[in-house]
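The values are calculated or read from the model by the stated rules, or taken from the named source; none is laboratory data. Predicted model only: the values in this text are computed from it and were never measured. No Cβ is skipped: glycine too gets one built from the backbone with ideal geometry, and neighbour counts run over all protein chains shown. Surface accessibility is based on the protein's heavy atoms, side chains included, excluding ligands, DNA and RNA. Shrake-Rupley method; radii C 1.70, N 1.55, O 1.52, S 1.80 Å.
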Amino acid sequence: MNTLKIAIQKSGRLSENSKKLLEECGIKFSNGISVLKTKAYNFPVEVLFLRDDDIPQYVEQQVADIGILGENMVYEKDKDVTVVEQLGFASCRLSLAIPREDTYNGPSWFMNKKIATSYPKLLTDFLSNNNVTAEIEEISGSVEIAPGIGLADGICDIVSSGSTLMTNGLKEVETLLKSQAVIIACKNLDEEKLAILNSLLFRIRAVKNAKENKYILLNAPESAIDRICAILPGMKSPTILPLAEKGWCSLHSVVKEDQFWERINQLKEAGAEGILVIPIEKMIR
Ligand code: PRT
Ligand code: ZN
């Protein structure tokens with residue numbers, strides 16, 4: 001039987017979440033430190049462990065059929081692949097930063113300056129869109145120290161919390177791209193591989209939906225049920241069961257977690273009691 005080859009990062013910021021995602025989709029595979037590829041026991045996929053920089057090219061050439069990596073790398077490498085799903089982890093942004101004490105007056109600050117980066121393509125695009133001519137110093141790591149050691153005037157690098165910029169005396173002045181982990185796919189997948197990809201995407205969406213939603217149970221007087229349903233718009237047709245105590249009932253539904261937290265006080269004011277919020281493992285719409 002045909003198998004779908006999935007490239008994931010061997011070791012780095014994306015590795016654990018990529019493996020966890022496949023495991024949450026019920027895909028079981030062995031994962032020794034020195035293993036470079038492995039077949040899943042119970043799903044027609046083979047997992048290849050690679051450097052994230054190589055994944056776009058391998059997917060374009062169909063060495064791997066699909067890959068999991070950051071959008072920053074996808075758009076920097078600019079290969080002929082399709083982004084098929086955003087995964088919601090490894091959120092970060094590609095930003096320009098300059099010494100903290102400098103006054104920033106817009107992209108023209110970078111005119112005729114030297115910028116250190118590992119993202120020459122995305123930086124070149126940004127500079128040309130803003131009619132700025134600058135020298136790009138391409139380096140592969142520790143970009144943030146470049147201004148401090150006199151290698152560059154500013155940097156263009158990935159920012160997450162911002163603390164690396166702060167420790168290196170830099171401030172963020174422009175965001176070029178917001179990024180998260182995505183699945184990319186080769187454009188030439190045959191029907192059998194497409195069918196496997198679709199069943200994988202089905203499982204991934206079930207896992208993602210489950211994470212965003214919670215199963216909620218609460219008790220309330222019958223007279224409060226209409227108000228409670230109006231407070232939580234997700235509760236279109238909740239299950240309502242009578243309690244042993246007359247005039248009271250138990251209400252069960254699925255709600256978006258962020259909506260629940262925003263409205264918890266209103267729920268209590270409306271008469272909800274004994275509220276339980278329970279994680280959902282998989283959710284199929
Ligand atoms: O070895 P390999 O080439 O596979 O890995 P790598 O070292 O190139 O990549 P890795 O593991 O560092 O990052 C993989 C992907 O994680 C990136 O391409 C991004 O999509 C995503 N990601 C999410 C990040 C960060 N957050 C992040 N904070 N990638 C890098 N960083 C670095 C950044 O370069 C900077 O040095 O963290 C520092 C900034 O972090 P803060 O929190 O101090 O702002
Ligand atoms: Zn890399």
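What the table shows:
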read-out: Pairs with Cβ under 8 Å, 6+ apart, first in region 205-224 and under 28 Å from V182 (Cβ atoms), second assigned to a helix (DSSP H, G or I) and open to solvent by less than 40 Å² (accessible area, probe 1.4 Å); value: V207/L21; K214/F260
read-out: Any hit, region 49-59, residues being open to solvent by 30 Å² or more (accessible area, probe 1.4 Å), in a loop (DSSP other than H, G, I, E, B), under 24 Å from L189 (Cα atoms) and touching a residue at least 12 places away in the same chain (Cβ under 8 Å); value: yes
read-out: Residues satisfying the stated conditions in region 145-159, i.e. surrounded by 12 or more Cβ atoms within 10 Å (Cβ to Cβ) and free of Cβ contacts under 8 Å to residues at least 60 places away in the same chain; value: I145, A146, P147, G148, L151, A152, D153, G154, I155
read-out: Number of positions in region 111-144 that are touching a residue at least 40 places away in the same chain (Cβ under 8 Å), more than 16 Å from ligand 1 (Cβ to nearest atom) and either in contact with a Pro (Cβ under 6 Å, 6 or more places away or on another chain) or polar (S, T, N, Q) (or both); value: 0
read-out: Of all residues in region 72-125 being outside any loop (DSSP other than H, G, I, E, B) and of a type in the set (G, A, S), the one that is most open to solvent (accessible area, probe 1.4 Å); value: S108
read-out: Condition met for G162 (surrounded by fewer than 18 Cβ atoms within 10 Å (Cβ to Cβ), within 10 Å of ligand 1 (Cβ to nearest atom), under 16 Å from P120 (Cβ atoms) and under 23 Å from the mean Cα position of the chain (by Cα)); value: no
read-out: The lone exception for P44 - which of (1) more than 16 Å from ligand 2 (Cβ to nearest atom); (2) farther than 22 Å from L194 by Cα; (3) in contact with a Leu (Cβ under 7 Å, 6 or more places away or on another chain) it fails; value: (2)
read-out: Residue match in region 242-255 (condition: at pLDDT below 90 and either more than 18 Å from E281 (Cβ to Cβ) or part of a helix (DSSP H, G or I) (or both)); value: no
read-out: Residue list for region 173-202, filter: basic (K, R), open to solvent by 80 Å² or more (accessible area, probe 1.4 Å) and either within 25 Å of S15 (Cβ to Cβ) or touching a His at 6+ places or on another chain (Cβ under 7 Å) (or both); value: K178
read-out: Filtered residue count, region 18-41, keeping only those that are buried (at least 17 other Cβ atoms within 10 Å of the Cβ) and not aromatic (F, W, Y); value: 8
read-out: Filter result for the condition that a residue is within 16 Å of ligand 2 (Cβ to nearest atom) and of a type in the set (V, I, T), over I228, I196, I184, I216; value: I184
read-out: So E137, is it among the acidic types (D, E) and either open to solvent by less than 40 Å² (accessible area, probe 1.4 Å) or under 19 Å from the mean Cα position of the chain (by Cα) (or both); value: no
